[in-house]
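The next block holds one structure in the form of structure tokens; read it before the comments.
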Amino acid sequence: MKTVKTIAYKVGSPLVNMGAIKLRQPLPTDGIESVDPFLLLHHYGPYAISEFNNPFDLGPHPHRGFEPITILFKGEQLHRDSLGNEMLVKAGDVQWTTAGRGVIHAEGPSKEFVKRGGDLEGIQLWLNLPAEKKMMPANYQHIKNEEIPIVENQDKSIQLKVIAGEQESKKGLIKTQTQVNVFTVKTKEKGAITISMPKNHQSLVYLLDGEVLINNQVMLKKGAMQMVTFNQDGDSIQLEANKESTLLVLSGKPINEKVAQYGPYVMNTQTEIMEAMRDFQQGKMGYLY
Ligand code: MN
């Protein structure tokens, strides 16, 4: 018999300014520093991209000590990094970077997409690495939309994509460094599903679009409450859609270590942050032009 996890927090998804970019940041947010092992969640767009409006073009920048993950929902991005990867990322694709001891990457709408014009929308997620893996060699994984295993409910009103981890014996293709589940969910109106989650995982549901009732208790709605986090007390969560909706569902075994974060680096101590800044200056994270 499955028991639902009780809800810990419910929050909105406030717009924040990052330079010229305006995006939604449900995590961290008022009262929630992190949902260990998840440190940061950005929801960007939908932006109407054209040659006259192209705000989300991130130039080369470094990372160390965690895994930055991009899930693209709409549009087309070009990914480049200091490992030598250059990949076109299409809607539904996932890029999973293990920054480890250091990587430099850049991403933005592809030239062709900007010329053509269209909506760009995505999720950027920061997943922490435990101390013993923070200095591992960097790695990049890219999976295409059509490769991602799908779990459907009986009346096919819900599609759950297993990006990482496992659901109903479907396994994600991403090789993870920690115990983690990353799912996206698309529902039709009235679609309902119960999702299994290990009891010891911390977990959250984020709504990108639509209107979905969680655990028969909290209504998530675009522009209102958009995220719930759960306690480590049950082994499932329930979704019931009021209309066509899109969600991100995450769970992970907490790392339970001290976090020292500065800019693009996530380490355990301030000294390690200083080392990261120095190593980047000295070119030890590689080069990207
Ligand atoms: Mn980045």
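The values are calculated or read from the model by the stated rules, or taken from the named source; none is laboratory data. Owing to the predicted nature of the structure, the values given are computational and were not obtained by experimental measurement. Positions of Cβ are generated from backbone atoms using ideal geometry, with glycine treated the same way; all protein chains shown enter the neighbour counts. Ligands, DNA and RNA are excluded from the accessible area calculation, which covers all protein heavy atoms including side chains. Shrake-Rupley method; radii C 1.70, N 1.55, O 1.52, S 1.80 Å.
Peptides 281-288, 16-23, 244-251 ranked from most to least packed give 244-251, 281-288, 16-23, packing being the mean of other C-beta atoms within 10 angstrom over each peptide's residues.
Using just its DSSP H runs of length 4 or more, each adding -39500 (n - 2.57), the chain gives a mean residue ellipticity at 222 nm of -2000 deg cm²/dmol after division by all residues. Pairs spanning more than 20 Å between alpha-carbon atoms, out of LYS156/LYS199; LYS2/LYS243; LYS90/LYS111: LYS156/LYS199; LYS2/LYS243.
Across the accessible surface of the chain, with the other protein chains kept in place and a 1.4 Å probe, carbon and sulfur atoms take up 49 percent. Each distinct pair of alpha carbons in the range 7-281 adds a 1/r term; the inverse of their mean, the Kirkwood radius, is 19.0 Å.
Just to confirm, what accessible area per residue do you get for the range 118-171 at 1.4 Å probe, in whole Å²? Numbers along the way, then the final one.
Working: 2540 Å² over 54 residues.
Here the per-residue accessible area is 47 Å².
Largest GNM mean-square fluctuation across PHE113, PHE183, PHE38, computed for the chain with C-alpha springs under 10 Å, falls on PHE113. In sequence order, the range 36-43 has phi-based couplings of 2, x, 8, 9, 7, 9, 10, 10 Hz under the Karplus curve 6.51 cos²θ - 1.76 cosθ + 1.60, θ = phi - 60°, and Gly or Pro positions carry x. Taking amide H atoms as placed 1.01 Å from N in the peptide plane, the amide H of ALA138 lies under 5 Å from those of ARG101, GLY102, each 5 or more residues away in sequence or on another chain. Just checking the listed ones, GLY165, GLY234, GLY102: in the Gaussian network model of the chain with Cα springs under 10 Å, the one fluctuating most is GLY234. If you run the Gaussian network model on the chain, springs between alpha carbon atoms under 10 Å, then out of LEU129, LEU204, LEU78 the most flexible one is LEU78.
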